[in-house]
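**Student:** A single structure is presented below for examination.
The values are calculated or read from the model by the stated rules, or taken from the named source; none is laboratory data. Keep in mind the model is a prediction, meaning the values are calculated, not measured. FYI the Cβ positions are ideal-geometry reconstructions off the backbone, even for glycines, and counts take in every protein chain you see. Side chains are part of the model used for accessible areas, which takes the heavy atoms of the whole protein and leaves out ligands, DNA and RNA. Shrake-Rupley method; radii C 1.70, N 1.55, O 1.52, S 1.80 Å.
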Amino acid sequence: MDRETFHSCCSLVKMPRRSRLQHQGSSPHFVDYMERATAYSRFFKNYLLPNQPCMFSKKFTEDWNCRKHWVTHEGKPNFQKLLQEFEDTPVPVANCNAKEYNANPKQIMPFKEFIQYWREYIQNGHSSPRGCLYLKDWHMQRMFPEHNAYKTPVYFSSDWLNEYWDTIEVDDYRFVYMGPKGSWTPFHADVFRSYSWSANICGRKKWLLYPPGQEEFLRDCHGNLAYDVTAAVLQDKGQFPHFEEACQPLEIIQEAGEIIFVPSGWHHQVYNLEDTISINHNWLNGCNLDVMWQFLQEELSSVQKEIEEWRDTMDTWHQHCQVIMKSCTGIDYVEFSTFLKTIANNRMSFLNSCPGSGSGGASGCQSFLSETLSALGPHHAAFDLQRVVHILESMLSNEDFKRLEPSALAFKPEDLLQEIREAVHTIV
């Protein structure tokens with residue numbers, strides 16, 4: 001990112017990010033399609049900041065090892081090759097024919113058992129007494145980093161979510177999905193209201209996407225989100241009183257090799273139209289950090305409403321709300337602040353290692369993260385830091401954040417803010 005783009009994006013990020021669907025009241029019949037490589041800055045300004053979906057052609061994945069080795073010449077899953085690589089690996093498998101709360105129940109089984117099921121499912125006309133099983137949310141990349149199955153495109157490389165979890169070596173949000181024709185994922189928005197990108201290694205998917213805010217029309221009379229937005233029950237005004245107010249979903253057919261970019265907070269439902277394998281990442285960065293912070297505030301507010309009756313009987317009520325929120329979402333305010341500090345420290349270290357960065361040059365930059373940060377450049381790092389500043393300032397004025405025990409935080413946010421401002425001053 002150059003200096004001009006940096007200043008342009010710093011102003012754009014302050015604009016309200018409404019989708020085309022909300023402006024027009026109905027779904028467009030197309031999504032922007034990237035046939036070949038384009039400048040990162042174009043993707044940044046046209047899709048990340050305005051939070052709009054787009055599709056990348058199969059040219060972006062044609063060199064991936066998984067597309068070469070996991071797929072037969074006929075474009076089908078290469079079961080024999082997959083078994084050679086993952087035979088006894090335990091994998092998470094969901095049953096698409098069962099509902100548990102608002103998702104499909106999962107079990108762990110050996111990979112070879114899932115492949116045996118899949119083969120039998122195909123031979124039986126894509127049906128089975130065991131139901132429709134779907135291998136999903138498998139951390140293949142973390143388990144087998146040496147396989148070098150694919151490479152994250154530069155457009156999705158500013159990935160704070162996986163950067164943080166890689167740093168603490170606890171988890172990641174990189175997944176492999178494998179499912180037979182007919183497998184599907186119920187209506188949902190992604191973790192922390194993050195972005196996601198999904199690449200079809202083989203097979204085809206159908207996506208139904210709704211922009212942020214439309215999900216409120218897809219709740220039942222009790223406030224519960226619809227499980228299946230195509231179900232006939234949604235036509236019942238007694239059960240779904242606002243369904244008719246919802247726009248039509250953006251429907252996208254994703255072909256083999258293509259990558260779809262799903263924006264932050266867009267609820268979606270996905271079907272495998274053929275036997276399909278896909279790579280999926282959840283990710284976030286400075287462009288949608290405010291969406292994550294808003295999501296966390298709303299989650300905490302929901303928890304507080306649920307246990308409001310105990311507020312006056314517990315001295316540690318606010319701490320308990322944080323504990324419950326973390327058990328539901330995977331993060332609380334303390335970890336979110338640690339997340340921000342980790343991201344900020346990485347970028348400040350990067351800027352400190354960039355001689356002459358004040359002039360906009362990125363060559364020669366070295367840091368422990370540095371391949372990605374060097375590719376994006378010092379102005380992108382400065383943009384990231386300014387977004388962290390914006391959220392930290394918001395957190396410091398938040399009453400629930402102020403109620404955290406000072407000992408719970410491993411650093412003083414005010415000190416971090418000052419440190420970041422000094423680092424950004426050197427580049428802007």
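**Student:** About the Cα centre of the chain, how large is the charge dipole given +1 on each Lys and Arg Cβ and -1 on each Asp and Glu Cβ? Please answer in debye to the nearest 20.
**Tutor:** Working: 40 positive and 54 negative charges, 250 e Å.
Here the size comes out at about 1200 debye.
**Student:** Using r as the Cβ-Cβ distance of H425 and R119, and R0 as 56 Å, what FRET efficiency do you calculate, to the nearest 0.05?
**Tutor:** For H425 and R119, the calculated efficiency is 0.35.
**Student:** May I ask you to give the percent of accessible area on the chain that is carbon plus sulfur, with a probe radius of 1.4 Å? It would help to have the intermediate numbers written out before the result.
**Tutor:** Details: 9410 of 19670 Å².
Whole-percent figure for carbon plus sulfur exposure: 48.
**Student:** Under the Karplus relation 6.51 cos²θ - 1.76 cosθ + 1.60, θ = phi - 60°, what is the ordered set of whole-Hz ³J(HN,Hα) values for the stretch 233-247, x standing for Gly and Pro?
**Tutor:** My calculation for the stretch 233-247 gives 4, 5, 6, 7, 5, x, 8, 10, x, 10, 4, 5, 7, 6, 6 Hz in order.
**Student:** Kirkwood hydrodynamic radius for the stretch 41-92: how many Å is it when counted over pairs of different Cα atoms?
**Tutor:** Kirkwood hydrodynamic radius for the stretch 41-92: 14.0 Å.
**Student:** From zero up to wherever the largest Cα-Cα distance of the chain sits, split into 10 Å bins and tell me the percent of pairs in each.
**Tutor:** For the chain, the binned pair fractions read 4, 19, 29, 27, 16, 4, 0 percent.
**Student:** Next up: Write down the Å³ per residue value for the convex hull defined by the alpha carbon atoms of the stretch 71-193. All intermediate terms of the calculation are to be shown ahead of the outcome.
**Tutor:** Values: hull volume 18.0 nm³, N = 123.
In the stretch 71-193, the Cα hull volume divided by residue count equals 146 Å³.
**Student:** What distance in nm separates the simple spin-label points at T167 and T72, each placed 7 Å from Cα in the Cβ direction?
**Tutor:** 4.6 nm
**Student:** So, for the stretch 147-239, what is the accessible surface per residue at a probe of 1.4 Å, expressed in square angstrom?
**Tutor:** Working: 3360 Å² over 93 residues.
Spelled out: the 1.4 Å probe surface of the stretch 147-239, per residue, equals 36 Å².
**Student:** Among 140-147, 37-44, 161-168, what's the highest-first ranking by average C-beta atoms within 10 angstrom per residue? Spell out each step's value before the answer.
**Tutor:** Values: 140-147: 14.1, 37-44: 15.9, 161-168: 18.0.
Packing order, densest peptide first, comes out as 161-168, 37-44, 140-147.
**Student:** Same structure again: Output the Cα-based Rg and Dmax of the stretch 236-327 in Å, rounding Rg to one decimal and Dmax to a whole number.
**Tutor:** When restricted to Cα atoms, the stretch 236-327 yields Rg and Dmax of 19.4, 57 Å.
**Student:** Then there's this: I'd like the Karplus ³J(HN,Hα) series for the stretch 199-207: coefficients 6.51, -1.76, 1.60, θ = phi - 60°, whole numbers in Hz, and an x wherever there's a Gly or Pro.
**Tutor:** Each residue's phi maps through the Karplus curve to give 10, 7, 6, 8, x, 9, 10, 10, 10 Hz.
**Student:** Please report the orientation-averaged projected area of the stretch 23-126, defined via the convex hull of its C-alpha atoms, in nm². Before the final figure, lay out each step's value.
**Tutor:** Values: hull surface 44.0 nm².
Computing the convex hull of the Cα atoms and averaging its projections yields 11.0 nm².
**Student:** Run the 1.4 Å probe and let me know the accessible area of K206, rounded to the nearest 10 Å².
**Tutor:** That residue has around 60 Å² of solvent-accessible surface.
**Student:** On to the next question. How much length, in nm to one decimal, is gained on full extension between H242 and R36, taken as 0.36 nm per residue of separation minus their Cα-Cα distance?
**Tutor:** Numbers: separation 206, 0.36 × 206 = 74.16 nm, distance 4.08 nm.
Additional length available on full extension: 70.1 nm.
**Student:** Next question. Amide H neighbours of V91 under 5 Å, at least 5 residues apart or on other chains, H built in the peptide plane: list them.
**Tutor:** Under 5 Å from the amide H of V91: M109, F111.
**Student:** How much accessible area per residue does the stretch 40-86 have, in Å², with a 1.4 Å probe?
**Tutor:** Details: 2240 Å² over 47 residues.
Per-residue value: 48 Å².
**Student:** Something else about it: Determine the gain in length on full extension of the stretch R130-A408; use 0.36 nm per residue of separation and subtract their C-alpha separation, reporting nm with one decimal. Working shown, then result.
**Tutor:** Values: separation 278, 0.36 × 278 = 100.08 nm, distance 4.73 nm.
Taking R130 through A408 to full extension adds about 95.4 nm, to one decimal.
**Student:** Give me the Kirkwood hydrodynamic radius of the stretch 241-390, using the inverse of the mean 1/r over all pairs of distinct Cα atoms, in Å to one decimal. Each step should come with its number before you reach the end.
**Tutor:** On the way: mean 1/r = 0.0515 Å⁻¹.
By the Kirkwood definition, the hydrodynamic radius is 19.4 Å.
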